[in-house]
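A.B. asks: Please see the structure below; I have some questions.
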Amino acid sequence: MEEPGESGVRVSSPKHSSVGLEGITESMRYTLEQSGPVRGAKTLLALNQVDGFDCPSCAWADPVPGERKKAEFCENGAKAVAWEATRKRVGPDFFAEHSVADLREKDGHWLESQGRLTEPVYLGPGEDHFTPITWKAATTLIADRLRGLADPNRAVFYTSGRTSNEAAFVYQLLARRLGTNNLPDCSNMCHESSGAALSETIGVGKGVVSLQDITDYADLIMIVGQNPGTCHPRMLTALEQAKKRGARIIAVNPLPEAGFGRFHNPQTVRGLAGPGTQLADAYLPIRVNGDLAFFNTLNRVLLDREEAAPGTVFDHDFINRYCDGFEQACEGWRNVDLAHAAQLSGLSRRMVERCADEVMAADSVTVCWAMGLTQHRNAVPTIREIVNFLLLRGNVGRPGAGPSPIRGHSNVQGDRTVGIWEQMPDSFLDKLRDEFGFEPPREHGKDTVDSIRAMRDGEVEVFFAVGGNFVAATPDTAVTETAMARCALTVNVATKLNRTHLCPGTEALLLPCLGRTERDVQETGEQFVTVEDSMAMVHASHGRLLPGSPELRSEVRILTDLARELFGEDDLDWREMGADYRVIRRHIEHVVPGFHAYEERVAQPGGFVLPRGPHDSRTFPTETGKARFTVNPPTAAEVPEGHLLLTTVRSHDQFNTTVYGLDDRYRGIKGGRHVVFLNEDDLRMFGVADGDLVDLISVYDDGERRARGFRAVRYPVPRGCAAAYYPETNVLVPLDSTAETSNTPNSKSIVIRLEASE
Ligand code: SF4
């Protein structure tokens, strides 16, 4: 276990190539360690296969059925399923041996590496050890507490992105049947900014590009604020396919990630034994939070070129027919102070001009992005500016073109689609009323940050989470942990032990559920679930392994049993939904647009795609019925003298808050996570040497926050910027530091200063 300030970390130079043989050996090492050869092989050969299960890790799309490889997974996918399919177990003996106080001394990696939870456990008021409880008693207890609430809005129902469509639909129905829209989810912390910006400008809150658009059609692919090599590794295969047919790739990121360099595809001889494929044609080392300024400058450069040679740059047919707000946007760009914008972006005019050359040489442009764009105060204006950039040359609604936010969790998009959102539109709530015959609550509920505020202020009695690691994923860790403890009851449905489970309310329950890899047998037989990937493909996932314990229950079963206990047997068809997931899908078909003939279409190999109006037919369901240009003057986080702008990142041995290991081999880090990547000139300026231990201190209106004992690592980050891993640095982000409009925590731009560790 790693202690802050305990710098056993070994540092070497960052890599400029990805995957290769080491990708295979790492996947195998991990699988053998956790699952063993037979179980491991069975799991990997079913991963992302048509009749297998969907990877519980990121939401990258699968190739069409006939094009899938036998080994259709990446190293991090292999780690994710090995992590879930581990033979290690956490049962009553473990909790008898370890008190909550002991376990709170352990780090996240240690906790999750103890193994799969085997049966329900309960922590009573004032107790320090979880003890076994029956499912019946646990369900009854929760129902009693929920029924006892004076106001259903004193309950919060949190969802992590691994929850299936079926479980998510039942979950939102349960919360709304109780009378609340308090349905925060991990999307609040990741792509909420994308949803807000895209809904406003093109009318749909998600990406509209398909995998084939990237592999077969896009002439230029821009990867902005995303690290595909670690966070969506199979994307590298798609990028290689695009390169092979002549596509160009531009990477825009403060860190020169290995995934932009040479891709050694382990499924090819060229990749394993040959030179591999250089992916990025250009890398723009943008300053942290410099993206709004960059896209403003790029659009201005394109405008200047258009005005110099009218009709040669902009797609006026598209603009006139499908867009509004164009003139105002142009006026906005004419007013951009380019010198100031260059300061904010850290990119020279020459770099932007060369990028504009690439754009003009491309008939179709796709822009992909992830958290590097969405977790900033100005995230929503930044993404609107990217839409402006795409609209100028008609790069929406034709093959190879459009906005593509890449999701970090396997079904975070699906959960939102089937109703997990604290502010679902009336159109959805009306359908729910018509389908189930009750009036759902209309008042918007609490998102993640608002839920923490309410818990902190004693306004929440019951916190219920399906999956996830709430206190590790959220900002202001110390505040969130204290807020959790103010709840009367905390309930976590989970596969493995994590930090959140050790921040109990007065009472706490830990309910072990089936994993995505495990067979799910209910009254009517074996069930499958469905998920939606980043490209709006809905497909089936069939568990293959025997459950890790006879006491495990599916998320659907846990929720329908609770609903039956809470609302009574003669309320809605909860029992039928728990016994046969087709009943749930039929309800989804009636309530959620785009799911017609759900059962038949999801039975097709690879499933089906949900409607993507802007892409499929240049239909823009915005307020004006047109794609909307907007004006987004360049801004960026202000960094006082003597301070740095910190961005939080994942290591290569990590998926969201799950830490598989303490290495980050692409960045040259081994054996530890308390590291901070710093520019060598900043090291000199702050009198810090590579290898020194420093504390990171964030300074906000409500005071200082400190993260202790980080080893300074000289690294090619832009001057004035720094990077370090989350969740270790989430403690530095105040609850109130959120993005405009989306209320997403500003975890990617944190103003800090350094202090030598004591
Ligand atoms: S790219 Fe994402 S979804 Fe695919 S195997 Fe890897 S982690 Fe899983």
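A.B. asks: Can you give the charge dipole size of segment 21-84 about its Cα centre, rounded to the nearest 20 debye, using +1 on the beta carbon of Lys and Arg and -1 on the beta carbon of Asp and Glu?
C.D. replies: Using Cβ point charges on Lys, Arg, Asp and Glu, segment 21-84 gives about 200 debye.
A.B. asks: Go through segment 624-682 and name the GluC sites (Glu not before Pro) that are in a DSSP coil and have 11 or fewer other Cβ atoms within 10 Å of their Cβ. Walk me through the numbers before you get to the answer.
C.D. replies: Values: sites: GLU638, GLU641, GLU680; in loops: GLU638, GLU641.
Those satisfying the criteria are GLU638, GLU641.
A.B. asks: Additional query: 7 Å from Cα along Cα→Cβ at both GLU307 and ASP681: what's the point-to-point distance in nm?
C.D. replies: 3.2
A.B. asks: With a 1.4 Å probe and all protein chains left in place, how much accessible area per residue does the chain have, in Å²? Show your work: numbers first, answer last.
C.D. replies: Values: 25640 Å² over 758 residues.
Each residue of the chain exposes 34 Å² on average to a 1.4 Å probe.
A.B. asks: Over all alpha-carbon pairs of segment 21-84, lay out the pair-distance distribution in 5 Å bins, whole %, shortest bin first.
C.D. replies: P(r) for segment 21-84, in whole percents per bin: 4, 20, 31, 26, 14, 5, 0.
A.B. asks: Tell me which DSSP H helices of the chain clear both cut-offs, 24 Å or more of axial length from alpha-carbon atoms and a mean Kyte-Doolittle hydropathy of at least 0.5.
C.D. replies: Flagged H segments: there are none.
A.B. asks: On to the next question. Is the shape of segment 634-736 best called rounded, prolate or oblate, per the rule: a/c under 1.5 gives rounded, else a/b larger than b/c gives prolate, else oblate, with a ≥ b ≥ c the square roots of the Cα gyration tensor eigenvalues?
C.D. replies: oblate
A.B. asks: Then there's this: Of all beta bridges DSSP finds with both residues in the chain, what is the antiparallel percent, to the nearest 5? Walk me through the intermediate numbers first.
C.D. replies: Values: 41 of 94 bridges.
Antiparallel: roughly 45 percent of the beta bridges in the chain.
A.B. asks: For a test of the definition: using alpha carbon positions, the gyration tensor, and the 1.5 limit on a/c, classify segment 630-689 as rounded, prolate or oblate.
C.D. replies: Oblate.
A.B. asks: Could you list the GluC sites (Glu not before Pro) in segment 441-481 that lie in coil according to DSSP, counting only those with at most 13 other Cβ atoms within 10 Å of their Cβ?
C.D. replies: Working: sites: GLU443, GLU459, GLU461, GLU481; in loops: GLU443, GLU459, GLU461.
Here the sparse-neighbourhood loop sites are GLU443.
A.B. asks: Leaving ligands and nucleic acids out of the surface, order VAL639, VAL449 by accessible area at 1.4 Å, largest first. Can you show the working numbers first?
C.D. replies: Values: VAL639 50, VAL449 0 Å².
Descending accessible area places them as VAL639, VAL449.
A.B. asks: Next question, about the same structure. Using the Kirkwood formula on the Cα atoms of segment 192-406, what hydrodynamic radius do you get, in angstrom to one decimal?
C.D. replies: Evaluated over segment 192-406, this radius sits at 17.4 Å.
A.B. asks: Quote the charge dipole size of segment 644-756 about the Cα centre in Debye, to the nearest 20; the model charges only the Cβ of Lys and Arg (+1) and of Asp and Glu (-1). The partial results should precede the final answer.
C.D. replies: Values: 14 positive and 16 negative charges, 78 e Å.
So the dipole magnitude of segment 644-756 works out to roughly 380 debye.
A.B. asks: Also: What FRET efficiency comes out for the pair SER199/GLU97, r = Cβ-Cβ distance, R0 = 51 Å, nearest 0.05?
C.D. replies: Here the calculated transfer efficiency is 0.55.
A.B. asks: Let me ask something additional. I'd like the Karplus ³J(HN,Hα) series for segment 739-750: coefficients 6.51, -1.76, 1.60, θ = phi - 60°, whole numbers in Hz, and an x wherever there's a Gly or Pro.
C.D. replies: Per residue, the Karplus-derived 3J(HN,Hα) values read 6, 4, 6, 8, 6, 7, x, 7, 6, 9, 9, 10 Hz.
A.B. asks: For segment 209-278, which trypsin sites (Lys or Arg not before Pro) pass both filters: DSSP loop (anything but H, G, I, E, B) and at most 13 other C-beta atoms within 10 Å?
C.D. replies: Listed in order of number, the matching sites are ARG245.
A.B. asks: Okay, helix-only estimate at 222 nm for the chain: each DSSP H run of n ≥ 4 adds -39500 (n - 2.57), divide by all residues, round to 500 deg cm²/dmol; what do you get?
C.D. replies: The helix contribution divided over the chain gives -9500 deg cm²/dmol.
A.B. asks: Sticking with this structure for a sec: Looking at TRP135, MET484, VAL9, which one has the Cα that reaches farthest to the positive end of the dipole of the chain (charges on Cβ: Lys, Arg +1; Asp, Glu -1)?
C.D. replies: Toward the positive end, the furthest listed residue is VAL9.
A.B. asks: Label ASN335 and ILE24 with points 7 Å out from Cα along Cα→Cβ: what is the distance between them in nm?
C.D. replies: 5.9
A.B. asks: For a test of the definition: using alpha carbon positions, the gyration tensor, and the 1.5 limit on a/c, classify the chain as rounded, prolate or oblate.
C.D. replies: The shape class here is rounded.
A.B. asks: Note down the magnitude of the dipole of the chain about its Cα centre, charges +1 on Lys and Arg C-beta and -1 on Asp and Glu C-beta and zero elsewhere, to the nearest 20 debye.
C.D. replies: On the way: 82 positive and 105 negative charges, 405 e Å.
Dipole about the Cα centre, nearest 20: 1940 debye.
A.B. asks: Taking 41 Å as R0, compute the FRET efficiency from the Cβ-Cβ separation of THR134 and LYS69 and round it to 0.05.
C.D. replies: After rounding to 0.05, the efficiency reads 0.40.
A.B. asks: A further question on this structure: For segment 460-476, in order, what is each residue's ³J(HN,Hα) by Karplus, 6.51 cos²θ - 1.76 cosθ + 1.60 with θ = phi - 60°, in whole Hz (x at glycine and Pro)?
C.D. replies: So the Karplus estimates, Gly and Pro as x, are 10, 9, 10, 10, 10, 10, 9, x, x, 9, 3, 6, 7, 7, 9, x, 6 Hz.
A.B. asks: In segment 165-206, which residues have a backbone nitrogen under 18 Å from the label point lying 7 Å from THR741's Cα in the Cα-to-Cβ direction?
C.D. replies: The answer is 187-206.
A.B. asks: With the contact rule set at Cα under 8 Å and sequence spacing of 6 or more, what percent relative contact order holds for the chain?
C.D. replies: Dividing the mean separation by the residue count of the chain yields 22 percent.
A.B. asks: Sticking with this one: Can you give the three extents of the C-alpha atoms in segment 52-182 along their principal axes, from longest to shortest, in whole Å?
C.D. replies: 54, 40, 25
A.B. asks: For the chain, which whole-number percentage of the solvent-accessible area (1.4 Å probe, protein heavy atoms only) is attributable to carbon and sulfur atoms?
C.D. replies: The computed percentage sits at 51.
The values are calculated or read from the model by the stated rules, or taken from the named source; none is laboratory data. Just so we're clear, the structure is a prediction, and the values are computed from it rather than from any experiment. Glycine gets a Cβ as well: all are built from the backbone with ideal geometry, and neighbour counts include every protein chain shown. Note: areas computed on protein heavy atoms with side chains; ligands, DNA, RNA excluded. Shrake-Rupley method; radii C 1.70, N 1.55, O 1.52, S 1.80 Å.
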